[in-house]
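Just below is one structure, and these are the notes that go with it.
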Amino acid sequence: MIVLTDRSRLDTYDRCPREAFWNYYWGGKGVVLEEEPLPFLFGTAVHHGLERLLVGRVSLPDAIAAGLPAFDGLSPFLKAEQSWLFDCLVRVWATHRLPTLRAEFDFLKIEPELLWTLGSEGPTTIVQMIRPDLLARRISDGALFYIEWKTTAYGGGDWARKWEKNAQVLCNAIAIEETLSERVEGVLIEGLVKGPRKVESRVRSRFNGQMLQQSHLCYCWDSPEGLSLTWTKNSIHTPLWEVAGMTPEVWLARLDASEFLCPVPPITPDRDDIADWRDAAKWKMLRIQEGLTRLASTPGEDKRKVVSRYFPQNFNACYPYGFGSRCGYFPMCFEGEVRKDPLSEGYLIRTPHHEAERCRDSEDSPRTT
């Protein structure tokens, strides 16, 4: 039996096994919120834009245009804010990082779909679906690297250091090596600093109490003396896209680009760490599979006990970032009517992001999970 998995569901299971159950396994496919989270939409836009820029060799405006549809479903103000932020960040990266990378690397593949055997136990084989952002070959010595783009609220040294022992770095590195039969010499993380999204607390701001993207890319203080990054007497907190004649190119010329870029020095994956992660991930997936098998053969009235045993709730994850940031699956856990019919309560059947899972679902094979 082939069991498909990916890094996202393993990470979700680590955070909260019950969230992983709702997200990936409820009803056979899992459910997602009808309204996609803003960070996901922004990440989608970044990947679409940079993919066109790197592989399609299109112009920078065309690459930006390719990512903007990700924001079409947002409210007018939020769409304007996030579109402006996206436009600015892609321009910053294309101007200040892309030439450096082009001089050092040949770009090979954008988001290649790879299937990697994570491990086996008896008749069960765990296959991980991998999609690294970019494979690249260093021009000077032919060494293989892989590159990831990540957006972050703050960046900085602490953010950069966390990638050294990150599960995505560990599993993707070994998956690429074994799938392509070539050693990965290093991993590059290209950080794009978008600023935190939080409630505006400055009393002088006309947006006081509203949720804003706290970035110098998005807002300024407008006064009779001109535009400023900080409050001055008689100045008004103003969205840059509402300033007459303002464009992202004009505004970026006034800013320090390093404020919005956080490239991580090349990471060389530790092989012992990779082996430890791999073994843990295999047994984690085997337990998930055991739970799903038992669930399928358990009478309806006892299914909840099986879910509680194999997919327990982590109550500490209900409000992962404090008050006001409730987990999207909170209603599934604690509201019986939502749990009975989530498709009528703001949830949708999850659409697989990996080709292998889409093909498996289309075949409706009883031998896969």
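Things worth noting here:
Residue-by-condition table, conditions (1) touching a helix residue (DSSP H, G or I) at 6+ places or on another chain (Cβ under 7 Å); (2) over 30 Å from ARG309 (Cα atoms); (3) of a type in the set (Phe, Trp, Tyr); (4) surrounded by fewer than 21 Cβ atoms within 10 Å (Cβ to Cβ):
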| site | (1), (2), (3), (4) |
| --- | --- |
| PHE21 | yes, no, yes, no |
| GLY28 | no, no, no, yes |
| PRO39 | no, yes, no, yes |
| GLY43 | no, yes, no, yes |
| HIS48 | yes, yes, no, yes |
| LEU53 | yes, yes, no, no |
| LEU60 | yes, yes, no, yes |
| PRO76 | no, yes, no, yes |
| GLU81 | no, yes, no, no |
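- Filtered by the rule that a residue be without any contact (Cβ under 8 Å) to a residue 60 or more places away in the chain and among the charged types (D, E, K, R), the stretch 193-247 gives LYS198, GLU200, ARG202, ARG204, ARG206, ASP222, GLU225, LYS233, GLU242.
- The single residue among VAL193, VAL169 that is modelled with pLDDT of 95 or more and within 30 Å of LEU108 (Cα to Cα) turns out to be VAL193.
- Selected residue (criterion: farthest from ARG287 (Cα to Cα)) from residues of the stretch 116-130 that are surrounded by fewer than 16 Cβ atoms within 10 Å (Cβ to Cβ) and not acidic (Asp, Glu): THR117
- Enumerated helices (runs of 4 or more DSSP H) restricted to the stretch 258-341, each holding at least 3 residues that are closer than 25 Å to GLY119 by Cα, at pLDDT 95 or above and of a type in the set (Lys, Arg): 271-296
- Lone qualifier among ASP158, ASP106 - being assigned to a helix (DSSP H, G or I), surrounded by fewer than 19 Cβ atoms within 10 Å (Cβ to Cβ) and free of Cβ contacts under 8 Å to residues at least 60 places away in the same chain: ASP158
The values are calculated or read from the model by the stated rules, or taken from the named source; none is laboratory data. These numbers were taken from a predicted model, which means no experiment stands behind them. Quick reminder, even Gly has a Cβ in these numbers, built from the backbone with ideal geometry, and neighbours come from all protein chains shown.
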